[in-house]
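**Q** Take a look at this one; I'll ask things after.
The values are calculated or read from the model by the stated rules, or taken from the named source; none is laboratory data. Owing to the predicted nature of the structure, the values given are computational and were not obtained by experimental measurement. Ideal geometry is used to build each Cβ from the backbone, glycine not excepted, and the neighbour counts take in all protein chains shown. Areas reflect the complete protein model, heavy atoms only, side chains present, ligands, DNA and RNA absent. Shrake-Rupley method; radii C 1.70, N 1.55, O 1.52, S 1.80 Å.
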Amino acid sequence: MSDRGVVWLGAPSFPDAAREALKDERLRANLRRATGTIRDKRLAVASELDDWEELRDAAAAIKRRTARHLDRYLLQLEESVTAAGGTVHWAADAAEANRIVTELVRATGETEVVKVKSMATQEIGLNEHLAEHGITAYETDLAELIVQLGDDRPSHILVPAIHKNRTEIRDLFAAEMGHWGRPAPEGLTDDPRALAEAARLHLRKKFLTAKVAVSGANFACADTGTVLVVESEGNGRMCLTLPETLITVMGIEKVVPTWQDLEVFLQLLPRSSTGERMNPYTSTWTGTTDGDGPQDFHLVLLDNGRTDTLADTVGRQALACIRCSACLNVCPVFERTGGHAYGSVYPGPIGAVLTPQLVGVENAASLPFASTLCGACYDACPVKINIPEVLAHLRAEVVEAKGGRTAEALAMKAAAKLLDSPRLLGAAQKAASLGGRALARDGHIGRLPGPLSGWSDTRDTPAPPAESFRAWWRRTREQAPDEQP
């Protein structure tokens, strides 16, 4: 992890990682099947709403207003949570958030915690930090459990184990469950029901005995202090109600002004994420209540690069993300490479714009280029984040950070000089025509020499025509000077 978390240190750049991922045919098959299924379900349920586009407009407007007045809403949230019996902590970065959570767990005297699926805790590397201090964190989301048992990394925002098929999961359960608690049943098959039952049996004791739970948050209402988590399996409900202490780590951008705003997001989120009309489990809590649920509630508000992102008037729209993963499921790049190639907790199109801003473009310089700029992500985003616009904006920042000395920048400068001179352009076209035709096979050129090979490695390069447009124009005009083109 970097100092701020988010990116995995030692991970190769996206082009190198993607090149390896493309060789994995099973991975590509798993991704194609899973993303295609989710994509089709999303389109079906979204089309049921006559006001789908109006909901998207409303969500985008709420997020813009929140970003403009984020300081005010965060202070209001703190007041509301405190008045309801909770405690609010402010964490400037990953190190501070990890320290706060570790101290809170230690204060209970416990050495184990159960966890609800949380991107924020993955972002800061909380599980690893707790382990270093003698505290074991047990993931209870089925996909996160699969990732944890395999000592793996999530590869999708919504479906972290999307890169695994049923047979791989069965083998993993059989080999590893016993090292973390109750072993998998004898003769476990790869039937989805059997796998889910094995996970339920494995986790049941953890739910019933855990004294401390750690969660993330999908939203938090500034006016009431209510925090909300949506999920599909019920594991979150178990973690949010049974333990005595609940610690929630939430990115500061998750706040919304009012309880009423949830009306918009709770229609958009399930349809955009899992293709469902509503979430199977929607859990909300406001502070603490005597004799009901956790008696100690701590809300850790995480910055970790978010205020730096907020300062960028173009890039800040990435903070509107509600982690639905719709952009991943329509992205042709993600479908072929998977999430690990991005080297970040946040993969796919949203990761390509969010990660460089959270950690600095110099630490994730290849991610803004991990896109075709096709715009499918923008069309799918329920809060209308213009991801292609932010990608182009960040690409410019990458070039500026390198002082304009990238190969692409140098090529553009050379092209500008060439295009500014008819004499040089004509000579270059003639040379390209002669050289290209000499190298061409079946109308295409193979691998280009030198630095140009980066282009031909991933693209077909057609052979240049025998005659340039300028040459054709000159020849035809000389033959028929009175004819209009």
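**Q** Checking Phe297 against (1) out of contact with any Asp or Glu (no Cβ under 6 Å at 6 or more places or on another chain); (2) open to solvent by 10 Å² or more (accessible area, probe 1.4 Å), which test does it fail?
**A** (2)
**Q** Let me ask another. In the stretch 176-193, what residues are in contact with a helix residue (DSSP H, G or I) (Cβ under 8 Å, 6 or more places away or on another chain) and either small (Gly, Ala, Ser) or buried (at least 16 other Cβ atoms within 10 Å of the Cβ) (or both)?
**A** Glu176, Met177, Trp180, Gly181, Pro183, Ala184, Leu188
**Q** Just to be sure, is Thr82 closer than 14 Å to Val227 by Cβ, of a type outside the set (A, V, I, L, M, F, W, C) and in a helix (DSSP H, G or I)? Walk me through it before giving the result.
**A** Values: closer than 14 Å to Val227 by Cβ: yes; of a type outside the set (A, V, I, L, M, F, W, C): yes; in a helix (DSSP H, G or I): yes.
Yes; evaluated as a whole, the condition is true for this residue.
**Q** Among the residues in the stretch 228-241, are any out of contact with any Phe, Trp or Tyr (no Cβ under 9 Å at 6 or more places or on another chain), closer than 25 Å to Gly125 by Cα and touching a residue at least 60 places away in the same chain (Cβ under 8 Å)? Spell out the reasoning first.
**A** Taking the stretch 228-241 as the starting set, the residues that turn out to be out of contact with any Phe, Trp or Tyr (no Cβ under 9 Å at 6 or more places or on another chain) are none.
So far as the stretch 228-241 goes, no, none of its residues is out of contact with any Phe, Trp or Tyr (no Cβ under 9 Å at 6 or more places or on another chain), closer than 25 Å to Gly125 by Cα and touching a residue at least 60 places away in the same chain (Cβ under 8 Å).
**Q** Tell me, please, whether a residue that is closer than 30 Å to Tyr378 by Cβ and in a helix (DSSP H, G or I) can be found in the stretch 92-109.
**A** Taking every residue of the stretch 92-109 in turn, at least one turns out to be closer than 30 Å to Tyr378 by Cβ and in a helix (DSSP H, G or I).
**Q** Next up: Can you tell me which residue is most open to solvent (accessible area, probe 1.4 Å) among those in the stretch 123-133 that are farther than 15 Å from Ser215 by Cα and out of contact with any Lys or Arg (no Cβ under 9 Å at 6 or more places or on another chain)? Step through it out loud before you land on a result.
**A** Pass one, the stretch 123-133, residues farther than 15 Å from Ser215 by Cα: 128-129, 131-133.
Checking which are out of contact with any Lys or Arg (no Cβ under 9 Å at 6 or more places or on another chain) leaves us with 128, 131-132.
Working: Glu128: 111, Ala131: 66, Glu132: 143 Å².
If we take residues in the stretch 123-133 being farther than 15 Å from Ser215 by Cα and out of contact with any Lys or Arg (no Cβ under 9 Å at 6 or more places or on another chain), then Glu132 is most open to solvent (accessible area, probe 1.4 Å).
**Q** Hey, another quick one. Filtering the stretch 42-54 down to residues that are under 22 Å from the mean Cα position of the chain (by Cα) and crowded, with 16+ Cβ neighbours inside 10 Å, which residue is farthest from Thr258 (Cα to Cα)? Explain how you work it out, then say what you get.
**A** Filtering the stretch 42-54 for residues under 22 Å from the mean Cα position of the chain (by Cα) gives 42-43, 46.
Among the residues that remain, those that are also crowded, with 16+ Cβ neighbours inside 10 Å are: 42, 46.
On the way: Arg42: 27, Ala46: 24 Å.
Selected residue: Arg42.
**Q** Applying the selection to the stretch 176-222, what residues are of a type outside the set (A, V, I, L, M, F, W, C) and in a helix (DSSP H, G or I)? First the steps, then the outcome.
**A** Taking the stretch 176-222 and keeping what is of a type outside the set (A, V, I, L, M, F, W, C), we get 176, 178-179, 181-183, 185-187, 189-193, 197, 200, 202, 204-206, 209, 211, 215-216, 218.
Across the stretch 176-222, the qualifying residues are Glu176, Gly178, His179, Pro192, Arg193, Glu197, Arg200, His202, Arg204, Lys205, Lys206, Thr209.
**Q** Can you tell me which residue in the stretch 323-379 is modelled with the highest pLDDT, limited to those that are charged (D, E, K, R) and in a helix (DSSP H, G or I)? Give the derivation first.
**A** So the first thing to find is which residues in the stretch 323-379 are charged (D, E, K, R), and the list is 323, 335-336, 362, 379.
Of the ones still in play, those that are also in a helix (DSSP H, G or I) are 335-336, 362, 379.
Working: Glu335: 94, Arg336: 93, Glu362: 90, Asp379: 97.
So, considering only residues that are charged (D, E, K, R) and in a helix (DSSP H, G or I), the one modelled with the highest pLDDT is Asp379.
**Q** A further question follows. Looking only at the stretch 164-205, which residues are touching a Gly at 6+ places or on another chain (Cβ under 8 Å) and more than 22 Å from Arg153 (Cα to Cα)?
**A** The one that is touching a Gly at 6+ places or on another chain (Cβ under 8 Å) and more than 22 Å from Arg153 (Cα to Cα): Lys205.
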